[in-house]
1. From the phi of every residue in segment 85-95, what ³J(HN,Hα) in whole Hz does the Karplus formula 6.51 cos²θ - 1.76 cosθ + 1.60 yield, where θ is phi - 60° and glycine or proline is x?
2. Please report Met197, Met137 as a ranked list, fewest other C-beta atoms within 10 angstrom at the top and most at the bottom.
3. Would you calculate the separation in nanometres between label points at Ser205 and Gln96, each defined as 7 Å from the Cα along the Cα-to-beta-carbon direction?
4. Rounded to a whole number, what is D in µm²/s for segment 203-271 from Stokes-Einstein with the Kirkwood radius over alpha-carbon pairs (4 °C, 1.567 mPa s)?
5. If you rank Ile291, Ile276, Ile250 by fewest surrounding Cβ atoms within 10 Å, what's the result?
6. For an R0 of 41 angstrom, estimate the FRET efficiency from the Cβ-Cβ distance between Thr325 and Lys145 and round to the nearest 0.05.
7. How big is the Rg/Rh ratio for segment 262-336, C-alpha atoms only, Rh by Kirkwood, two decimals?
8. What is the sum of charges around Val140, taking Lys and Arg as +1, Asp and Glu as -1, for the other residues whose C-beta is under 15 Å from the C-beta of Val140?
Amino acid sequence: MVLAVITIFIGLPYSGVRGDGGGGGGGGDGALRCTTSPASSPPTTSLSTSSPPPPTPARPASVSTAGTHTTISFGSTSFQTPDFISPRPNPNATTQFPTHLQPSFNSSLHLRGTVGDVIRSLAKTSRRVVVVHDSAMSYVVQDVKFIPNAETYIFRALSVFCTLCNSLDRLGRELPFEPEMIPHLPPSTETMSQEFMEFVNLQYSHQTFHVGNLYDSLRVIEGEFLETLERDEIWGKNHWAVGPFNQVEIQPDVSNPGHRQSCLKWLDKQPERSVIYVSYGTTTTFTESQIRELAVGLENSEQRFLWVLRDADKGDVFANEVGRTVVLPEGFEDSVEGRGL
């Protein structure tokens, strides 16, 4: 039997879903990608289901070796999640939680059988199978515990600090820092919908057999919080900061060396450390009045700023739909010209 380590990364299936603005149905595609390493080291196969662009035709994985360097190319296949609605985000919803994404979260639960079959198939030809999965996909990979030569590692997408706070809150324990701030932080029950809490609790119930936890972070930044998780053995004793995954250096466009994004050109002209970045992520949708308040605040602050103003993602992030038109206060853009973008 070939000695192989098979790594599987699983993320929520946001891609490929289809639905109209009125809540039409959609079917999701998750992509499976496989890579294998050369025989000079313990062979490694990597299989991932994540949030890819629209699926591409399947092709086999291949490996080419030049001296001590190995080039690994990826093969892909795809599988379907059940149809689900993909409504637009509602800025006037009674809760600020992105409940419009719940159908896509729920659709991922149907991947258990398919993913389990893939892992069992790989386990038959490999000595060891390592499954690295998103914490929100713990239900899907629950059958790994019945495969003798397989083990799981949880990738926790939130910061280590946030993971620690949520964990201590769940355990009913006080946070060991900044006590004057804690009374002002709302509990998770007030910031998440009941349906999402039930989804999260379902995932928690299957996080009992993993070997360790992975974070997109660095010890130099969040070491204190990692040490607390390790010391108290919260979610086990193994916690690894393996980030940062996002690039920390902007690479030039080799195909067009003279090209530089307009926002970067604007930033180049500003004094060092003089610009604040204003963004509320990909799951937040503001009302018109909230947008006006932010605009007035930025205008009156006389602070240089880069403001990213967008609606929350839909379940189908690849749908080519025109979003709502945001109307900024009259005269705002003229007032901040040169110091705000």
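1. 3J(HN,Hα) across segment 85-95, in whole Hz: 6, 9, x, 6, x, 10, x, 9, 5, 5, 10.
2. Going from least to most buried by this count: Met197, Met137.
3. Distance between the two pseudo-spin positions: 3.1 nm.
4. 83
5. Ascending Cβ contact count within 10 Å gives the list Ile250, Ile276, Ile291.
6. Details: r = 50 Å, r/R0 = 1.23.
FRET efficiency, Thr325 to Lys145: 0.20.
7. A ratio of 1.00.
8. Working: positive: Arg112, Arg120, Lys145; negative: Asp117, Asp134, Asp143.
Once positives and negatives cancel, what remains is 0.
Each value in this text was obtained by applying a stated rule to the coordinates, not by laboratory testing. Just so we're clear, the structure is a prediction, and the values are computed from it rather than from any experiment. So basically every Cβ, Gly included, is an ideal-geometry build from the backbone, and we count neighbours across all protein chains shown.
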